[in-house]
Structures are given as C-alpha cells and as structure tokens.
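Working notes, beginning with the structure itself.
Since every read-out is calculated from the coordinates, none of them should be taken as a lab result. Fair warning: this is a prediction, and the values are worked out from it, not measured in the lab. Don't worry about glycine lacking a Cβ; one is built from the backbone with ideal geometry, like all the others, and counts go over all protein chains shown.
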Amino acid sequence: MYDKLKPILQEELAAMRETGTYKTERMLESPQGREIAVGGKKLLNFCANNYLGLSGTGLLEKASENAVKKWGFGLASVRFICGTQTVHKDLEAAIAKLVGQDDAVLYSSCFMANVGLFQTFFGAEDMIISDELNHASIIDAVRLSKAERAVFKHMDMADLEEKLKTAAGKRLTVVATDGVFSMDGDVAPLKAICDLAGKYGALVMVDDAHGIGVMGSNGGGTPEHCGVADRVDFVTGTFGKALGGAGGAYTATRKEAADYLRNRSRTYLFSNSLDTAVTGTSLFVIDYLAKHPEVRKKLWDNTALFRARMKENGFTVSDAPHPITPIMLGDEKRAVAMAKALLDEGIYVIGFAFPVVPKGKARIRVQVSAAHTEADIERAVQAFTKVGKQFGAF
Ligand SMILES: Cc1ncc(COP(=O)(O)O)c(C=O)c1O
C-alpha cells in the first residue's frame, strides 16, 4: 500500500527542501582526483577524503588491475566458507601492524565494522559510553547491542568520568570515540581517555576512519598520534578515504578479540569477502605510504598553507590538528548557496547542513589533499574570499 507512504514522504521531502536540508547529488564525469569534471567543467576538488591524493593518480588503477589479474574479480563466498585468499591475510597483517594491534579483521565498510563490533562483545550486563558527536555508524552500532548506553559530552573528560562512575558493577565497560571528528577535524584526547578508562577498568574503542594514513608519524592513525596505540583495544577504520578511496574496512584489535570477531561478528560472518581489487590495492597503498613519507608531509604543508592564507584573508579558521578545515557559516541556506557560488568559481566544495551537522551549525568543509599544488590552494583562497564577501561570511 504505497499510497499510504507516498504523501508522508512527499510532505517530509518538501519540508527538507524548505529548510535547506535536502541533499542533491552532483554527477562527476571523471574519476576522483585533484581535478574533477562536473557539468562539463573542470573543477578543483576540495571536498573528497582523498587526503593523500592517491585517488586519480593511476597508481591505484594499476594496483587494482594487478590484484584482479592475480586473484580474480571476486570470491562469491563469505570468508569462512571459501572466501579467504592470502591477499586477505596479508592485508589484515599489514593494517594491524600499521595501527599497532595484534591482528585485524576485514569488513566491507567501516559502517559494517562498527555494526559488527559492539553487538559481538557487549551484552545486557555491559555498558558502552560514547562521545555525543560520534559518527552515525557508531551510534547505530551501539543501538544494536543490548548493552546499557551512556553518552558523554563531546571530548569532555569530566563528563566521561561521571559516566564511567555509573558503570561500576558492570561486567565490561567500553568507551567509544571517533579518532578524528569528521565535521570539525578535532582529535579525540585519547591519552586522557585511556587514562580514565584505565582508572575505571574500561576498554577503549576508536573509529579512526579519518585518522588512518593521515595522523601519527607513520600514518598509523590517531592512537599513534596520541602515543597510545598499545592502550587502545579496538580500532576500526576504512580503506575508503586516505588509503585509496574505494571502500573496505577493518577492525584491528588484540589477538583473542580478532579470533572472536571471526567467529561471532555477524557483519563479517554473513557478508561476502572483501573484493580482491580493494584488498590488493589497499595492501599496495600501505606499502607505498611506508616508502613515500613525502606524501604525508605534502598534506601537512598544504593544510598549513591553506589555513594561513584563509586567515590572512579574514576568515576564522580552525587549527584542528587534521586537514579537515570547516568554514563555519551557521545558516543552512547560506552554506548551501555559498558552496554553489564557489562551484561557479571552479572550486568544488559542499555545504554541510542538518542532519549531518547540528541545526544552526552549517558549514563548508574544506578537505585539503596532498594532491593540491600551491597554486590550487591560492585559487581556492581567492575564490573563498570573493564569494565570502558576497555572502557576508566574515
Ligand atoms: C568516523 C567514520 N566512521 C565510519 C565511516 C563509514 O565508513 P565507510 O564508508 O567505510 O562505511 C565514516 C565515513 O563517513 C566516518 O567518517
């Protein structure tokens, strides 16, 4: 009886359009990269999570071609039936080593890694304590577990401690946090979180989707950046951002926990093996990064340059220790309209509005990449300055 659902959806979609929260998807007419083709125009790309600039370089296409030639296109199986090749085990070992854990388990996406984590380990006698700004996939994953839940104020250690006190008597307690919060680029205070978790006997889970490959002196992610890689118990992350951009993900953890995931995690057990192109290419990327530290240096140089030039031009810009640089605009419609005007100037950025960010905190999120040249960055700064004046952004 679609007739009943249709008017409800029509009304809600109309309301989204009215409030500026309706999302349209622009069609890319080229591969992802430093430049992309949209609407017949070439644009400078400042909104992909292509931090290391590897997407669109051709390197990854070659690596994926090689992987498919060697391992075939796909396995038509889950891992435990007949879907495990040495390339899967090699990638698990490589990513575990990079993030400083004993072992890792591959998933089709980080959303699935998160969904497959909490319900596997934590039941009715346990408690999950989660940062209020954690990614939607953690929020949904936590809901699927039968554990008691508590939410602490964003990066507020006093509030976390209060919540940890309420967990006294629980069998297990876990503190869950994003490593890097994707809307602001702010980094979880993992040392303080681990200290508190240690004091109250809790485990620590970090979703490092935006940290892996970017943060830490070896690109091992936010736990490495914070010096606590050996104190974190579960790290989830994606190959769909800095490490190639196609998809695929992992949970890196202690030996027994990885073993247990392989036996009990539903989104692993009952879902196809990670495809061979992504698996082989991700392995290639991890090796490439170890051999090319200059790529990560370029990312940081570009980030510093963009922020300095934006500040010189009157913008208030965050100093978050991550290349994500939100330009805060507040009003939903202004953020969306300004992003569109920037598109006309040849700069591809997106306005983020509710429900991706809280109401009244709309923004344009700029993603700096190692692929950008200094001239690209200056072009973006000039376009922001011109459009920002028109829209009263500073
Ligand atoms: C913090 C965080 N966790 C998880 C995800 C989901 O990752 P995936 O695209 O691999 O499902 C994202 C992606 O937006 C993210 O930013």
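Looking at segment 264-309, the chymotrypsin sites (Phe, Trp or Tyr not before Pro) that sit in a DSSP loop and have at most 16 other Cβ atoms within 10 Å of their own Cβ are F270.
Only bridges whose two residues both fall in the chain count here: according to DSSP, what percent of them are antiparallel, nearest 5? Present the calculation step by step, with values, prior to reporting the outcome.
On the way: 26 of 45 bridges.
Antiparallel: roughly 60 percent of the beta bridges in the chain.
In this structure, the amide hydrogen of V214, modeled 1.01 Å from its nitrogen in the peptide plane, lies closer than 5 angstrom to those of G221, counting only residues at least 5 positions away or on a different chain. Across segment 289-303, computed HN-Hα scalar couplings (Karplus, 6.51 cos²θ - 1.76 cosθ + 1.60, θ = phi - 60°) run 5, 5, 8, 10, x, 5, 5, 5, 4, 4, 4, 5, 4, 5, 4 Hz from first to last residue, x flagging Gly and Pro.
Take the cross-link list K41/K311; K311/K359; K153/K255; K70/K255; K163/K191; K153/K191 and give me the ones stretching past 21 Å between alpha-carbons.
On the way: K41/K311 29 Å; K311/K359 25 Å; K153/K255 32 Å; K70/K255 29 Å; K163/K191 18 Å; K153/K191 17 Å.
Check vs 21 Å cut-off fails for K41/K311; K311/K359; K153/K255; K70/K255.
Computed over the alpha carbons of segment 26-132, Rg followed by Dmax gives 18.8, 57 Å.
By the count of other C-beta atoms within 10 Å, a proxy for reagent exposure, R379, R17, R264 are ordered fewest to most as R17, R264, R379.
Once the chain from A308 to I81 is taken as fully extended at 0.36 nm per residue, the excess over their C-alpha distance is 76.4 nm.
Applying a DSSP loop filter and a limit of 14 other Cβ atoms within 10 Å to the trypsin sites (Lys or Arg not before Pro) in segment 99-161 leaves K146, K153.
Would you mind classifying segment 179-276 by shape? Square roots of the alpha carbon gyration tensor eigenvalues, ordered a ≥ b ≥ c; an a/c under 1.5 is rounded, otherwise it is prolate if a/b is larger than b/c and oblate if not. Oblate, since a/c reaches 1.5 and b/c is not below a/b. Of the Cα atoms belonging to the chain, the radius of gyration and Dmax stand at 21.4, 62 Å. With Cα atoms as the point set, segment 59-291 shows a radius of gyration and Dmax of 17.1, 54 Å. Over segment 59-291, Cα pairs under 8 Å with separation of 6+ residues give a relative contact order of 31 percent. The distance linking segment 1-67 with segment 162-235 is 30 Å (Cα centroid to Cα centroid, whole angstrom).
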